[in-house]
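Peer 1: Right, I'll just put the structure down here and ask away after.
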Amino acid sequence: MMNDKIHLYLITFNCALLHHDVATLSSHLLSGLESRSVKPDLIVLSLQEVAPLSTAFLGGPTLTGYFEPFSTAVRTATRKQLDEDYSLVARSNVGLTGIMVFARSPARVKEIRYAGVGVGLWEMGNKGGVGVKVYYNVMDGDTDGDSDKTVEINFLAAHLAPDEENVQLRNENWGSIVRGLVFDILGRGDAAPEIGSASTESLISPQPYTVPYSGLYSPTAHLFVLGDLNYRTADSRPVGPEFIIFPQPDDPPSSNKHYSNLLEHDQLTPQRKANKTLHGLEEAPITFPPTYKYHVSKTSPGDHSWNWTPLRWPSWTDRILYLPSENLQVHKYTSIQQIKSSDHRPVAAHISIPAQPLSASDGWRVRPPYQPDVKGWKPARDAARRREVIVGYLAYLFGTLAGWGLLAAVTAGGLGGWWILRELIVRGV
């Protein structure tokens, strides 16, 4: 027998390249649920700037250490607040952008597919998107029914170009993501494939669930986009003392300083409605304050004021959007103001979709805004991945204390070897 709905709990958080306190995360991560009596079937985290560039580009155990606090926080929160053990069923990253998927019933996750594309300099992953396609079995384990009763869900974690004036570049980033994001890497469990790397071959299941490769838009898939989309509330930075009009929590709705006045200037909504970006996607009404840009060093856990940095307009850069489908319901859409360890505030959405396979015959799912580059995405990502490794090593050597230490040791060793060789030559040994 089928359940009526699949409940999704989605979070996007720009981590500002920092480690984050597990206790704070676990205490507040689930505050975006409409009710804790409704336990989400899947929890999805979109993380941007998850680690410093050298760590994110090189990958390995050090990068895993930046994901681990979030795994621990989700497990702690769900055990304490939902009395459930959630399993990490998918994790991946493209450069500084990562995605994690946790399942209440991991046995229902029939298959995972990964995809990713960089849209930063030279198509590297300082900006870009990483996707996870989840095939979720909605049949009860003891039911003899059609094995194809599977709901297909595409999740995209995205990070687009920064700065107030770069609206067109953000729109172009979206086009590049839709073209370059092709779900044709298979994996199970918490394996973290390097998208576009030869190492992904070992992740392919020996008996995969046979489905055609697909892009972000698919006739049979729900689509959710969550990330730091970087659309702002002005086309240029604040000038002079304009920061004195930035909103504060005690501003009444009737005040000219209330944050709702800034929302009228949001760049994303008109661009989206004009089909210049995030084509066909919709967003629940925003009723929470701007999520960017806060002054981290001036913010303490007990501080209830909004410590804005004066050189950026407060904006809703962090968003969660969805491609509409019949009976999709947004139960709650909010920010998590209690997590103050970044210059961004996390945004969360509690959404449910019908526990029925989807099959569209019209609309954006059938006619996507851009065709996915099924043949060209992998060579392009392979080349970008090689550049990421080179840049990662350079950033490590010249941008970290450990790298400087290594350079000093190599230099000292080289000079010492040269001195010994010279002495041997001089002495005729």
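Peer 1: Accessible area per residue for segment 218-362 in Å², computed with a 1.4 Å probe and the full protein assembly in place, what is it?
Peer 2: Spelled out: the 1.4 Å probe surface of segment 218-362, per residue, equals 43 Å².
Peer 1: Under the 0.36 nm per residue contour assumption, what length would be gained going from the current alpha-carbon distance of LYS257 and LEU18 to full extension?
Peer 2: Between LYS257 and LEU18, full extension yields 82.9 nm more.
Peer 1: Please report, as a whole percent, how much of the solvent-accessible surface of segment 8-95 comes from carbon and sulfur atoms (probe radius 1.4 Å).
Peer 2: 49 percent
Peer 1: Please calculate how many Å² of accessible area segment 41-105 carries per residue, with a 1.4 Å probe and no DNA, RNA or ligand atoms counted.
Peer 2: Details: 1850 Å² over 65 residues.
Value returned for segment 41-105: 28 Å² of accessible area per residue.
Peer 1: Same structure, new question: To make sure I understand the rule: partners must be lysines, Cα under 29 Å from the Cα of LYS133, and not fewer than 8 residues away in the same chain. Which ones qualify?
Peer 2: Hits, sequence-local ones excluded: LYS5, LYS39, LYS80, LYS110, LYS149, LYS273, LYS276, LYS332, LYS375, LYS378.
Peer 1: OK, next. So what is the relative contact order of segment 65-137, in percent, for Cα pairs below 8 Å that sit 6 or more residues apart?
Peer 2: Reported as a whole number, the value is 25 percent.
Peer 1: While we're here: Arrange the residues HIS7, HIS222, HIS19 by how much accessible surface each exposes, largest first, with a 1.4 angstrom probe.
Peer 2: HIS19, HIS7, HIS222
Peer 1: While we're here: Got a number for carbon plus sulfur as a percent of segment 259-395's accessible area, 1.4 Å probe?
Peer 2: That fraction is 54 percent.
Peer 1: With all protein chains present, calculate the accessible area of SER260 using a 1.4 Å probe and round the result to the nearest 10 Å².
Peer 2: Number for this one is 50 Å².
Peer 1: To the nearest Å, what is the center-to-center distance of segment 43-68 and segment 247-268, using C-alpha atoms only?
Peer 2: 34 Å
Peer 1: Using Cα centres only, tell me the gap between segment 269-334 and segment 346-368 in whole Å.
Peer 2: 20 Å
Peer 1: Cβ under 13 Å from ALA380's Cβ, ALA380 left aside: what net charge do those residues give with Lys, Arg +1 and Asp, Glu -1?
Peer 2: +3
Peer 1: So, one more: Under the classification rounded if a/c is under 1.5, otherwise prolate if a/b is larger than b/c and oblate if not, where does segment 355-404 fall, given a ≥ b ≥ c as square roots of the Cα gyration tensor eigenvalues?
Peer 2: prolate
The values are calculated or read from the model by the stated rules, or taken from the named source; none is laboratory data. Keep in mind that what you see is a predicted model, and the values were worked out from it rather than measured. A quick note on method: Cβ atoms are made from the backbone with ideal geometry, for glycine too, and the neighbour counts reach across all protein chains shown. What goes into the accessible areas is simple: the full protein's heavy atoms, side chains included, and nothing from ligands, DNA or RNA. Shrake-Rupley method; radii C 1.70, N 1.55, O 1.52, S 1.80 Å.
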